[in-house]
Amino acid sequence: MTSNTLGNQYALTVVTPILPGAERELRTYLEGLSPQNSPLTRLRRTHFGRWVIVEDFVADPSESDPDELGCQYLLFSATLDGDVFSYLDELCEELADEAEHIWGVCIGAPHPTRGPALKAYLLHNQIDTGLFFSAYPNATVTDVRYALEARSRAVAFALEAQGMEPAALQQAFREEFGV
Amino acid sequence: MTSVSIAAGPAATGTDDRNVNGNAIALTVFSAVKWWGRIELPVFIEVLRRGRNSLSELKQLSFIHAARWSLFSEIPYNGPPQPQRRLHSAHLYFESNFNGGWEEYIDAFSYVLRTGMWAFWGSSFGFPGALPSGPFKDYIRANEIDASHYYAAYPDATATMVLAALEVEPRLERLKWQATWMTPTEFAAAWRAFLIETQPAL
């Protein structure tokens, strides 16, 4: 039951056990990362990404024998473009400094926390996706950003071009869009 | 097809700030699954995956960028000191990347995916049913885990804006090409046609 891929996009989910005693340090580190200047901005194929610390399963009163995790886990998920192997190559190089603080405090992680050893560790701890939905599965991050910029410029030009004569309209359009 | 859209800013998200990046919101939910869910969920998901229009209801929820469901019954083992656990139940992981408000999102999910909601969470312990949405919201809140860090590559864009932009962009490219060889009169007509064609997306 795996469906990590939809169109051009891949749903990556990785769950790693946190070393007992390192949970608070990890939480402080992750919560201190700026969303505007996230390390994931350097992975240009990432649409969305998150790190979540899972303290334990939530037990429902109707469960006769609820599961316990036994230690806290770090969940990392990303919605990314293309194949996961080259993405993890990029992650394990580009995020090497951050990875030391993030996965370096997880049980079984390699030290130094980078390169092929980190990639193998993350793949070992991957949880496959059962069902993946994307509203625009064939669009890459680059496609989306380019399209958003194009739409924004088209809207601005449409306002500016109201009432222009054909020759002036064509000239203004060519100047605005560089054609 | 009627689409349900939500317009709200970060101030109205109704969730922890760390689940928010611009207009994008992260929802992360785990639930334990009853024994029969190990059979029902894989079958349901396989039917959805094979059906041609099976995700059309999700597409109606025009505020979702991406979502995923994973059913797992074991956790990868990395050696001590990780406790080696044999899980009694399978567990369902759900995540969503959406825009708008948390409450409105759960409401719309409940109303639009009424049948699908039962198929997804009916086998989860404690699932109160999708409607009325109040108890379901309480259930999701109880099972939700806040993100410690959340990233969105285009945080100011709603899913609707992205879809609209992806519709406009190729038409704008065609117009750019037409601008190089059309007469001014022909181009003015092409520009008007572009505006009419793309008006809903602008």
Taking N as the number of residues in the stretch A:1-97, the ratio of its alpha carbon radius of gyration to 2.2 N^0.38 Å works out to 1.26
So the FRET efficiency between B:Leu202 and A:Thr41, C-beta based with R0 = 22 Å and rounded to 0.05, is 0.20
Cα extents of chain B along the principal axes, largest first, in whole Å, come to 73, 37, 34
Compactness check, the stretch A:122-179: C-alpha Rg relative to the 2.2 N^0.38 Å globular estimate gives 1.95
Of A:Phe76, A:Phe132, A:Phe57, the most mobile residue in a GNM of chain A (C-alpha springs, cutoff 10 Å) is A:Phe57
Any lysines whose Cα falls less than 28 Å from that of B:Lys34, other than same-chain ones fewer than 8 residues away, would be B:Lys137
With +1 on the Cβ of every Lys and Arg and -1 on the Cβ of every Asp and Glu, the dipole magnitude of chain B about its Cα centre, in debye rounded to the nearest 20, is 620 debye
Its Cα gyration tensor gives the protein assembly as shown an equivalent ellipsoid whose semi-axes in whole Å, largest first, are 42, 25, 17
Of all GluC sites (Glu not before Pro) in the stretch B:44-104, the ones in DSSP coil with at most 14 other Cβ atoms within 10 Å are B:Glu74
Longest principal axis of chain B (C-alpha) makes with the long axis of helix B:133-143 (C-alpha) an angle, in degrees to the nearest 10, of 70 degrees
Once B:Tyr111 and B:Ser73 are pulled to full extension, the length gained, defined as 0.36 nm per residue separation minus their Cα-Cα distance, is 10.7 nm
The extension gain from A:Glu68 to A:Glu160, computed as 0.36 nm times the residue separation minus the Cα-Cα distance, is 27.0 nm
Scan of chain B for chymotrypsin sites (Phe, Trp or Tyr not before Pro) in DSSP loops with at most 13 other beta-carbon atoms within 10 Å gives a longest site-free stretch of B:37-180
Over chain B, the sum of -39500 (n - 2.57) across DSSP H runs of at least four, divided by residue number and rounded to 500 deg cm²/dmol, gives at 222 nm -13000 deg cm²/dmol
Counting every C-alpha pair in the stretch B:159-201, the percent lying more than 11 Å apart is 64 percent
Taking Rh as the Kirkwood radius computed over alpha-carbon pairs of chain A and applying Stokes-Einstein at 10 °C with viscosity 1.306 mPa s, one gets a diffusion coefficient in µm² s⁻¹ of 82 µm²/s
Mean-square fluctuation maximum in Gaussian network of chain A, Cα pairs under 10 Å, restricted to A:Ser152, A:Ser38, A:Ser86, hits A:Ser152
Scalar couplings 3J(HN,Hα) for the stretch A:3-18 by Karplus 6.51 cos²θ - 1.76 cosθ + 1.60 (θ = phi - 60°), nearest whole Hz, x for Gly and Pro, are 8, 6, 10, 9, x, 8, 9, 10, 9, 9, 10, 10, 10, 10, x, 8
Inter-part gap, Cα centre of the stretch B:44-123 to Cα centre of the stretch A:123-179, in whole angstrom, is 30 Å
Chain A, Gaussian network, Cα under 10 Å: of A:Asp81, A:Asp97, A:Asp60, the residue fluctuating most is A:Asp60
Label model pair B:Ala142, A:Phe177: point-to-point distance (7 angstrom along the Cα→beta-carbon line) in nm is 5.5 nm
Within the stretch A:1-93, DSSP-loop trypsin sites (Lys or Arg not before Pro) with at most 15 other C-beta atoms within 10 Å are A:Arg44
B:Gln84 and A:Arg153 label points (each 7 Å along its Cα→Cβ direction) are spaced in nm at 6.0 nm
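Read the figures in this text as sums done on the coordinates, not as results from a lab. Source: prediction; values computed, not measured. Every residue, glycine among them, receives a Cβ derived from its backbone with ideal geometry; neighbour counts consider all protein chains shown.
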